[in-house]
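Remarks on the structure that follows.
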Amino acid sequence: MRRFVTIVIVVGLLAGAYYYLSQHARVSLGILEGKTVKAYRGDLVRPITASGKIEPTSIVKVKGQASGEVVEVPFNEGAMVRRGKLIVRLDPDDEQRSLDQAEADYERARIALDLARLARDRQANEGIAMAWARVAQAEARRIRTQVEYDRKMPLTQPAGGMPAPVTREEWEQVRATKLEADALYESSLAELGQAYLAIEQADLEIQTAQENLRTADKRVEEARQRLIETEVFSPIDGMVLTRDVQIGEMTQSGTRSLMGGTVLMTIADVSDIYAVVNVDEADIGSVRELAPPSAVPGAITTQPATLPAGTFDVSEEVDITVEAFPDEKFRGVIERIAPQSQLIQAIATFKVWIRIVSPNRDKLVGLLNTQTEARFTVRSVENAILVSYDAIKQDPNGDGFGVYVPVANPAPGTPKYEFRLCEFGIDNGIDVEVIKGLEPGDEVYTVLPQMTQKEKDAQEKQSG
């Protein structure tokens with residue numbers, strides 16, 4: 001019973017002490033005293049941040065010109081390859097058969113051309129000569145019959161009461177012989193014309209045979225090239241991103257397939273590494289000012305004679321961070337800015353390519369497509385009045401923003417601070433420019449002190 005009474009008395013004393021302190025005294029604890037900083041004069045650097053990904057200089061999807069079964073793939077993902085190095089080998093049997101068939105077709109086309117030329121020579125040497133001989137023979141016969149015709153025609157008429165020396169039957173025979181000779185002559189001329197036409201036809205057949213031979217020769221070259229292309233070599237120095245085929249798979253030609261062919265391997269040119277970030281359209285103007293003229297869309301890309309040497313491609317370096325190395329900084333320079341925006345989550349942004357130039361850039365070679373953040377340094381104001389961003393508070397009366405400043409020599413029981421309306425400029429998330437309302441050295445609260453109940457009552461009475 002005595003112990004219970006003792007506990008009740010102790011609790012009562014503690015409660016009474018708490019009530020007194022809350023009404024009349026300030027607790028001497030740092031968290032209750034508040035925290036102040038001073039306004040100062042300095043330069044404000046406003047950063048612009050943009051997120052994106054780490055990308056290589058370029059990415060090449062390698063396709064083969066030949067079709068066939070994969071028999072060798074000597075490189076895996078992440079391997080470094082040199083230009084001209086074998087990366088995929090296909091079974092050459094199919095392409096070898098195609099080459100053999102093409103060579104056989106070429107040989108047939110060559111023989112056909114030889115036969116066409118031989119036929120043309122035979123026609124020129126024999127056909128034309130024989131045609132001319134028949135013309136000469138027909139002409140000689142025509143002349144003989146014409147002479148016979150002219151000689152006997154006067155003898156067909158009676159003279160001096162005597163019958164005609166040439167009977168009617170004989171004359172009809174002479175006339176028929178002449179007509180036959182004339183027709184034979186015309187026929188020989190026609191045959192001569194046909195002989196010359198045959199020469200022209202033979203020339204056309206030679207041209208056709210020559211074209212067929214050229215086509216066959218081209219097919220042989222293509223087949224031979226496809227046989228060579230069963231060995232696929234790297235077109236660039238780079239790193240293997242993806243190995244898209246495995247041993248035993250069938251591939252399609254990149255030139256003969258309607259589907260565009262099979263991708264064999266994807267290789268990235270990592271001679272340069274880029275942070276490709278998306279800059280908000282509200283910040284792209286400031287970023288363009290940091291970039292060299294050659295990186296700005298629509299700008300000239302050669303050194304103007306009117307500029308001092310070495311100033312054309314000078315630009316501010318950009319801080320780069322990647323999630324894979326959160327405690328390490330990379331540096332880069334702006335190399336290219338996209339000429340038009342793109343919508344990302346309903347926000348217009350511009351792509352900016354930043355080439356990594358810091359010595360530790362090689363750490364990013366094997367981290368392509370990694371999330372990255374770029375921090376562009378934009379120098380906004382110099383020698384301005386600055387104050388901590390944490391000191392900015394909303395006006396209790398809703399008229400804007402300002403700061404709370406300590407009250408000099410406050411009366412007992414009255415608040416130790418008052419609100420001062422200010423005009424602010426730009427900020428960097430840490431400090432803010434004060435255009436109006438503060439002077440260097442002015443003390444402001446970043447954390448307000450807690451008031452006793454008596455001070456709260458006095459403040460409410462003063463406000464009322």
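The values are calculated or read from the model by the stated rules, or taken from the named source; none is laboratory data. Just so you know, these numbers come straight off a predicted model, no measurement behind them. Don't worry about glycine lacking a Cβ; one is built from the backbone with ideal geometry, like all the others, and counts go over all protein chains shown.
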Filtered residue count, the range 326-375, keeping only those that are within 19 Å of residue 272 (Cβ to Cβ) and at pLDDT below 90: 1
Scan of the range 335-384 for residues that are under 15 Å from residue 284 (Cα atoms), under 21 Å from the mean Cα position of the chain (by Cα) and buried (at least 17 other Cβ atoms within 10 Å of the Cβ), ordered by number: 335, 336, 337, 349, 350, 351, 352, 353, 354
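Mind checking which residues of the range 378-401 are part of a strand (DSSP E or B) and at positive phi? Reasoning before the result, please.
Quick first cut of the range 378-401, residues part of a strand (DSSP E or B) only: 378-388, 393-394, 401.
Passing the criteria: only 383.
So that you can scan it fast, the table gives a plain yes or no per residue for (1) at pLDDT 90 or above; (2) within 30 Å of residue 84 (Cβ to Cβ); (3) outside any loop (DSSP other than H, G, I, E, B); (4) touching a Pro at 6+ places or on another chain (Cβ under 9 Å):
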residue: 175; (1), (2), (3), (4): no, no, yes, no
residue: 194; (1), (2), (3), (4): no, no, yes, no
residue: 200; (1), (2), (3), (4): no, no, yes, no
residue: 203; (1), (2), (3), (4): no, no, yes, no
residue: 215; (1), (2), (3), (4): yes, no, yes, no
residue: 232; (1), (2), (3), (4): yes, yes, yes, no
Enumeration of residues in the range 204-241 that are of a type in the set (D, E, K, R) and either surrounded by 14 or more Cβ atoms within 10 Å (Cβ to Cβ) or closer than 24 Å to residue 264 by Cα (or both): 205, 217, 219, 221, 222, 224, 226, 229, 231, 237
Failed item, numbered, when residue 102 is tested on (1) touching a Lys or Arg at 6+ places or on another chain (Cβ under 6 Å); (2) without any contact (Cβ under 8 Å) to a residue 12 or more places away in the chain: (2)
Filter result (farther than 12 Å from residue 232 by Cα and in a loop (DSSP other than H, G, I, E, B)) within the range 76-91: 76, 77, 78, 79, 82
Check on residue 21, in contact with a Ser or Thr (Cβ under 9 Å, 6 or more places away or on another chain), assigned to a helix (DSSP H, G or I), surrounded by 12 or more Cβ atoms within 10 Å (Cβ to Cβ) and modelled with pLDDT under 95: yes
Residue that is surrounded by the fewest Cβ atoms within 10 Å (Cβ to Cβ), among those in the range 242-293 that are assigned to a strand (DSSP E or B) and polar (S, T, N, Q): 271
Test: residue in the range 356-373 that is outside any loop (DSSP other than H, G, I, E, B), among the hydrophobic types (A, V, I, L, M, F, W, C), out of contact with any helix residue (DSSP H, G or I) (no Cβ under 6 Å at 6 or more places or on another chain) and more than 18 Å from residue 321 (Cα to Cα): no
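I'd like the residue in the range 414-446 that is part of a loop (DSSP other than H, G, I, E, B) and of a type in the set (S, T, N, Q) and, out of all such residues, is farthest from the chain's Cα centre (by Cα). So that I can check it myself, show each step before the final result.
Initial filter on the range 414-446 (part of a loop (DSSP other than H, G, I, E, B)): 414-416, 422, 428-430, 437-442.
Cutting the leftovers down to of a type in the set (S, T, N, Q) gives us 414, 428.
Details: 414: 69, 428: 36 Å.
Step by step, filter the range 414-446, then rank; the result is 414.
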Considering residues of the range 76-103 that are under 25 Å from the mean Cα position of the chain (by Cα) and buried (at least 16 other Cβ atoms within 10 Å of the Cβ) only, the residue nearest to residue 271 (Cα to Cα): 81
Boolean, residue 199 is surrounded by fewer than 18 Cβ atoms within 10 Å (Cβ to Cβ), within 30 Å of the chain's Cα centre (by Cα) and over 30 Å from residue 361 (Cβ atoms): no
